[in-house]
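A.B. asks: Below is the structure I would like to discuss, written out as structure tokens.
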Amino acid sequence: MSLTRSPVKPSRGKQGLSLGLGLLLSSSLLAADYGAGIGNSEWRATEPSPLYCELTHSIPDMGMARFTHRSGEDLKFFLEPLGQPLRIGAADLMALPPNWKPGDAPLDLGKVRVGAGEEGVRVGSKQAHLMIEALTQGLNPTFMQTPRDSRYAPVRGSLSALNFKPVYFDYIACRGELLPVNFDQIARSTVIFPGGGFDITADDKERLSLIVRYIKADPSVKYVFLDGHSDSYGSRRDNRKLSKQRTDTVLNYLLDVGLDDKMVTARYHGERYPIVPNTTKANRAKNRRVTIRLEREGLAPGDPNTLNEYSGEFNGQLQ
């Protein structure tokens with residue numbers, strides 16, 4: 001994403017806001033200024049990880065700026081506040097040139113919402129990428145407020161582009177290690193089977209391999225629960241056998257690609273726990289499944305009478 005350098009254009013009917021913006025840009029004496037200087041502009045990046053990357057920068061007396069990038073998600077930004085230097089409501093997000101380049105035009109990056117207390121300022125992916133692009137160009141992303149009440153000083157809080165680029169390269173290296181999914185996206189998965197069948201497709205194998213990759217990357221995952229099911233077509237004995245074959249197929253593939261068998265509890269239930277009534281062809285297809293559930297803590301393998309929170313079905317040990 002690239003930034004187009006152009007002057008800020010005042011919106012119609014917002015002369016007061018434009019005037020306030022001009023005051024902020026032209027006279028820092030009138031504003032409550034927050035920002036790191038040459039001696040204390042410090043950026044930090046987390047070590048490369050398949051799960052999480054972060055860039056941080058302290059804005060003295062205002063808070064900690066955090067660019068966060070979780071596996072399976074896009075870049076986001078959070079200003080973790082110290083007190084409430086920015087008033088609750090809205091703020092302008094600008095990319096301003098440094099003081100030694102006063103002739104360069106500022107860039108308007110849009111509006112942001114300022115929350116109360118610990119809510120701080122949260123910025124979505126599109127604006128977060130614009131902020132990163134501004135920093136790579138040597139501009140300072142800045143949160144600006146001009147109160148309508150002239151008795152209150154304008155507020156300006158800036159991220160400094162000083163010392164940014166070397167740390168940004170560390171962030172890029174970390175980003176390259178991120179997995180395409182996170183725990184929330186992969187903790188509940190389902191493999192669907194054809195009528196009477198227990199083979200898995202190439203797409204299923206790709207998903208199962210990704211689950212194992214994630215488990216190996218996230219040491220907080222302790223247990224894996226597999227639960228096999230069938231539709232109601234056929235006898236209960238045959239359906240129970242078929243659900244076991246499906247569970248075993250998924251289990252064996254997970255073990256083949258490196259899952260530790262000590263983590264796994266595999267169970268099969270036949271037709272006992274449909275997620276939808278077996279009244280239509282489409283519904284029966286949904287019931288022919290094996291669910292894969294990852295747990296971080298709490299439930300140990302073999303623990304009976306547990307509730308599968310993914311499907312709402314009882315997963316007690318078979319009698």
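A.B. asks: Among the residues of segment 41-62, is any touching a residue at least 24 places away in the same chain (Cβ under 8 Å), out of contact with any helix residue (DSSP H, G or I) (no Cβ under 8 Å at 6 or more places or on another chain), of a type in the set (A, V, I, L, M) and not in a strand (DSSP E or B)?
C.D. replies: Among the residues of segment 41-62, at least one is touching a residue at least 24 places away in the same chain (Cβ under 8 Å), out of contact with any helix residue (DSSP H, G or I) (no Cβ under 8 Å at 6 or more places or on another chain), of a type in the set (A, V, I, L, M) and not in a strand (DSSP E or B), which makes the answer yes.
A.B. asks: So for segment 118-125 (the condition being of a type in the set (Asp, Glu) and assigned to a strand (DSSP E or B)), does at least one residue qualify? Spell out the reasoning first.
C.D. replies: Initial filter on segment 118-125 (of a type in the set (Asp, Glu)): 118-119.
Checking which are assigned to a strand (DSSP E or B) leaves us with none.
The answer is no, given that none of the residues of segment 118-125 is of a type in the set (Asp, Glu) and assigned to a strand (DSSP E or B).
A.B. asks: Turning to a different aspect of this structure: I need the full set of residues from segment 69-83 which are surrounded by fewer than 20 Cβ atoms within 10 Å (Cβ to Cβ) and not in a strand (DSSP E or B), in order please.
C.D. replies: Selection gives Gly72, Glu73, Asp74, Leu82, Gly83.
A.B. asks: Right, next: Go through segment 184-203 and count every residue that is touching a strand residue (DSSP E or B) at 6+ places or on another chain (Cβ under 9 Å), within 19 Å of Ala282 (Cβ to Cβ) and in contact (Cβ under 8 Å) with a residue 24 or more places away in the chain.
C.D. replies: 4
A quick yes/no check of all residues on (1) in a helix (DSSP H, G or I); (2) at pLDDT 95 or above; (3) surrounded by fewer than 15 Cβ atoms within 10 Å (Cβ to Cβ); (4) not assigned by TED's automatic domain parsing to the domain that holds Ala282:
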position	(1), (2), (3), (4)
Leu109	no, yes, no, yes
Ala128	yes, yes, no, yes
Pro141	no, yes, no, yes
Ala161	no, yes, no, yes
Ser189	no, yes, no, no
Leu208	yes, yes, no, no
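A.B. asks: How many residues are part of a loop (DSSP other than H, G, I, E, B) and within 28 Å of the chain's Cα centre (by Cα) if we restrict to segment 143-159?
C.D. replies: Here the count works out to 1.
A.B. asks: Next question, about the same structure. Pro85: in contact with a Leu (Cβ under 8 Å, 6 or more places away or on another chain), in contact (Cβ under 8 Å) with a residue 12 or more places away in the chain and either not hydroxyl-bearing (Ser, Thr, Tyr) or not assigned by TED's automatic domain parsing to the domain that holds Val123 (or both), yes or no? Don't jump to the end; show me each part of the working.
C.D. replies: Details: in contact with a Leu (Cβ under 8 Å, 6 or more places away or on another chain): no; in contact (Cβ under 8 Å) with a residue 12 or more places away in the chain: yes; either not hydroxyl-bearing (Ser, Thr, Tyr) or not assigned by TED's automatic domain parsing to the domain that holds Val123 (or both): yes.
Considered against the rule, which asks whether it is in contact with a Leu (Cβ under 8 Å, 6 or more places away or on another chain), in contact (Cβ under 8 Å) with a residue 12 or more places away in the chain and either not hydroxyl-bearing (Ser, Thr, Tyr) or not assigned by TED's automatic domain parsing to the domain that holds Val123 (or both), Pro85 comes out as no.
A.B. asks: For Tyr168, indicate whether it is crowded, with 16+ Cβ neighbours inside 10 Å and either hydrophobic (A, V, I, L, M, F, W, C) or touching a Pro at 6+ places or on another chain (Cβ under 9 Å) (or both).
C.D. replies: no
A.B. asks: Please enumerate the residues belonging to segment 238-272 that are crowded, with 17+ Cβ neighbours inside 10 Å, assigned to a loop (DSSP other than H, G, I, E, B) and within 33 Å of the chain's Cα centre (by Cα).
C.D. replies: Across segment 238-272, the qualifying residue is only Leu259.
The values are calculated or read from the model by the stated rules, or taken from the named source; none is laboratory data. Predicted, not measured: the structure shown is a model, and the values here were computed from it. Glycine gets a Cβ as well: all are built from the backbone with ideal geometry, and neighbour counts include every protein chain shown.
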